[in-house]
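K.L.:
Please find one structure pasted underneath; my questions will follow.
The values are calculated or read from the model by the stated rules, or taken from the named source; none is laboratory data. Note that this is a predicted model, so its numbers are computed, not measured. Cβ placement follows ideal geometry from the backbone for every residue including glycine, while neighbour counts extend to all protein chains displayed. These accessible areas exclude ligands, DNA and RNA; they are computed on the full protein's heavy atoms, side chains included. Shrake-Rupley method; radii C 1.70, N 1.55, O 1.52, S 1.80 Å.
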Amino acid sequence: RLLEDEEEEAEVGWQEKLFSQFEVDLYLNESACQTPLDRQYHEEIQKLEKAGGRKNSRIFTYTDHDRFTNLEELCQKVTDSEHEVPSYLAERMANVRRRRQDRRPVEASSLKSKIITWEPSEEFIKNNHVINTPVQTMYIMGDLGPYGKLGRREYEHVLCTIKVDGNGVITVKPDFTGTKGPYRIELDGEKREVWEYTIENVSAQVQPEEEEREQRMFRDLYSRHRDYLNGLVGSEFEMPLPGTLRLFVNGEIVSAQGYEYDNLYVHFFLDLPNHQWSSPQFQHLSGVTQTCATKTVGWDKVAYFCYPFTVEMFYTQENEGVLPQWPVLYFEVLSLDFWQRYRVEGYGSLVLPASPGVHELTIPTWRPVELGTVAEMRRFFIGGSPELEDLTYIRIPSTFKGKHLSRFGFRTETTGSVTFRLHCLQQSRAFLENSALRQRMQSVLDRLGGFSQQSSVYNVLEAFQRARRRMQEARESLPQDLISTSASSV
């Protein structure tokens with residue numbers, strides 16, 4: 001206190017009760033004690049009076065079970081404005097008491113019968129609409145009344161709030177003073193009084209032996225928990241053979257957008273290159289999504305499938321000089337109306353990503369069309385449209401053996417697009433951090449350091465081959481005398 005030389009220092013423990021002058025005057029009268037806690041305080045105050053009175057003067061505490069913590073704390077305002085009107089949310093949240101944990105464990109039979117509460121009561125809503133973490137609260141208070149007039153409630157001020165939740169997190173507000181200056185409280189009255197106070201942590205420091213014993217206990221706990229997790233997961237993982245790559249794809253057909261008709265579904269299958277890739281016998285490499293009605297999002301009609309699928313493949317290298325070809329996902333989008341008429345809405349293909357990780361790809365599609373209005377009227381009235389007999393014709397037909405693929409005369413129309421989300425995982429011995437594998441470099445997998453860089457290397461080699469073919473064609477088209485002259489001059 002700046003105006004009068006009056007100082008007080010008190011050491012307070014967790015949930016330690018220090019009575020104020022108001023509480024002493026209140027609980028001395030036995031007729032004012034109504035609850036068991038009041039009667040307990042009455043006995044404690046009587047013992048204090050016999051021992052010579054309380055040692056504290058202005059500093060006192062409210063523990064977790066006091067009336068201030070349970071009742072008057074709800075009436076506190078958010079700000080110090082005199083004209084503050086609590087909002088609807090503040091009024092509703094004021095009734096939430098995370099401190100009261102009177103719930104009894106629900107038996108399994110009643111839990112199964114009451115999964116949904118169809119008519120919740122008001123008390124049920126108050127106790128369940130927030131995360132109910134148990135919290136214990138303690139307030140360190142200060143009686144800042146005039147000298148000689150202690151015990152008046154209007155002069156009580158909160159100096160420090162300490163909260164401990166069920167997870168062991170301790171919250172002190174305001175924080176310990178430390179190197180900062182003391183906190184100030186200004187009172188408006190006949191005399192403008194200014195009080196200053198500091199908060200320090202005077203808990204006994206942990207002895208080195210106890211700290212080491214605690215750390216050893218934590219290490220033992222963590223090691224037991226690690227052994228428990230290892231027992232659940234297991235340590236015997238199947239490793240692929242040398243020169244073999246295992247590829248997992250956890251995919252999802254997210255949505256289809258921009259198509260003419262409604263009630264869409266997607267049929268897809270995965271094509272594995274021959275003599276390079278294989279899959280387990282139980283693995284299904286094809287699937288059909290559910291029929292999904294579209295909704296208007298912006299300018300497009302979008303059908304959200306969220307259809308998951310999982311595929312597992314193995315790549316076995318036979319010739320070191322041959323780069324691997326990646327599997328291709330072929331798909332077609334169809335529509336089905338109320339009269340069970342289906343129409344082909346679009347075809348598309350997707351080369352699986354060569355790098356591991358998450359990939360979200362939107363693939364545009366097309367569909368075959370016929371000239372004239374008869375085909376479109378047939379498509380509208382009775383359903384059906386030109387279809388592909390072989391879905392690999394979307395990219396490169398499986399029966400194609402030539403050098404140049406020509407689709408001249410084949411008429412198509414651009415339709416919508418399909419969005420895929422692919423989570424790719426790769427497993428190979430080439431990924432092991434082993435110096436022996438890096439030194440030997442027996443296969444293309446080892447030289448490339450895995451398939452994470454496969455796409456870039458493959459593109460570079462493909463561009464080099466194209467440039468080499470162009471140079472050979474240009475050389476063959478030149479006259480022989482010009483070639484011999486240039487050769488002699490060089």
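K.L.:
For region 349-366, name all the residues that are assigned to a strand (DSSP E or B), out of contact with any Leu (no Cβ under 9 Å at 6 or more places or on another chain) and either crowded, with 18+ Cβ neighbours inside 10 Å or not assigned by the TED database to the domain that holds Met313 (or both).
P.N.:
Passing the criteria: only Thr365.
K.L.:
Looking at region 168-179, is at least one residue at pLDDT 90 or above and in contact with a Cys (Cβ under 6 Å, 6 or more places away or on another chain)?
P.N.:
For region 168-179, residues at pLDDT 90 or above and in contact with a Cys (Cβ under 6 Å, 6 or more places away or on another chain): absent.
K.L.:
Quickly run through region 203-215 and pick out the residues that are closer than 21 Å to Cys160 by Cα and either at pLDDT 90 or above or open to solvent by 90 Å² or more (accessible area, probe 1.4 Å) (or both).
P.N.:
Narrowing region 203-215 to residues closer than 21 Å to Cys160 by Cα: 203-204.
Once the filter is applied, which keeps residues that are closer than 21 Å to Cys160 by Cα and either at pLDDT 90 or above or open to solvent by 90 Å² or more (accessible area, probe 1.4 Å) (or both), region 203-215 yields only Ala204.
K.L.:
Filter region 350-371 down to residues that are of a type in the set (S, T, N, Q) and modelled with pLDDT of 90 or more and give me whichever is nearest to Glu413 (Cα to Cα). Give the derivation first.
P.N.:
So the first thing to find is which residues in region 350-371 are of a type in the set (S, T, N, Q), and the list is 355, 362, 365.
Still in the running and modelled with pLDDT of 90 or more: 362, 365.
Numbers: Thr362: 18, Thr365: 9 Å.
The residue in question is Thr365.
Yes or no, residue by residue, for (1) under 18 Å from Val12 (Cα atoms); (2) of a type in the set (Gly, Ala, Ser); (3) touching a strand residue (DSSP E or B) at 6+ places or on another chain (Cβ under 6 Å):
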residue	(1), (2), (3)
Ile170	yes, no, yes
Asp175	yes, no, no
Gly178	yes, yes, no
Leu187	no, no, yes
Ser203	yes, yes, no
Leu221	no, no, no
Val233	no, no, no
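K.L.:
Identify all residues within region 81-102 that are assigned to a loop (DSSP other than H, G, I, E, B) and at pLDDT below 70; write none if there are none. Talk me through it step by step, then tell me what you get.
P.N.:
Taking region 81-102 first, the residues assigned to a loop (DSSP other than H, G, I, E, B) are 81-87, 95-102.
Listed by number, the residues that qualify are Asn95, Val96, Arg97, Arg98, Arg99, Arg100, Gln101, Asp102.
K.L.:
Here's a follow-up. Restricting the search to region 315-328, which residues are at pLDDT 90 or above and acidic (Asp, Glu)?
P.N.:
Selection gives nothing.
K.L.:
Give region 131-164 a look and list any residue that's polar (S, T, N, Q) and at pLDDT 80 or above, or say none. Working first, answer last.
P.N.:
Residues of region 131-164 polar (S, T, N, Q): 132-133, 136-137, 161.
Selection gives Gln136, Thr137, Thr161.
K.L.:
Among the residues of region 367-386, count how many are surrounded by 13 or more Cβ atoms within 10 Å (Cβ to Cβ) and among the polar types (S, T, N, Q).
P.N.:
Number of matching residues: 1.
K.L.:
May I pose another question? Being surrounded by 15 or more Cβ atoms within 10 Å (Cβ to Cβ), of a type outside the set (D, E, K, R) and touching a strand residue (DSSP E or B) at 6+ places or on another chain (Cβ under 9 Å): is that true of Cys306 here?
P.N.:
On the way: surrounded by 15 or more Cβ atoms within 10 Å (Cβ to Cβ): no; of a type outside the set (D, E, K, R): yes; touching a strand residue (DSSP E or B) at 6+ places or on another chain (Cβ under 9 Å): yes.
No, not satisfied.
K.L.:
Related question: Please work out which residue is least open to solvent (accessible area, probe 1.4 Å), limiting yourself to region 143-182 and to residues that are within 23 Å of Thr69 (Cα to Cα), of a type in the set (Ser, Thr, Tyr) and within 42 Å of the chain's Cα centre (by Cα). So that I can check it myself, show each step before the final result.
P.N.:
Taking region 143-182 first, the residues within 23 Å of Thr69 (Cα to Cα) are 143-145, 150-176.
If we keep only those that are of a type in the set (Ser, Thr, Tyr) as well, we get 155, 161, 171.
Next cut, within 42 Å of the chain's Cα centre (by Cα) only: 161, 171.
Values: Thr161: 25, Thr171: 70 Å².
Ranking the qualifying residues of region 143-182, first place goes to Thr161.
K.L.:
For residues that are over 49 Å from the mean Cα position of the chain (by Cα) and surrounded by 12 or more Cβ atoms within 10 Å (Cβ to Cβ), tally how many sit in region 14-42. Outline the logic, then answer.
P.N.:
Here is the first cut: in region 14-42, the residues over 49 Å from the mean Cα position of the chain (by Cα) are 21-34, 39-42.
If we keep only those that are surrounded by 12 or more Cβ atoms within 10 Å (Cβ to Cβ) as well, we get 21-28, 33, 39-42.
Count: 13.
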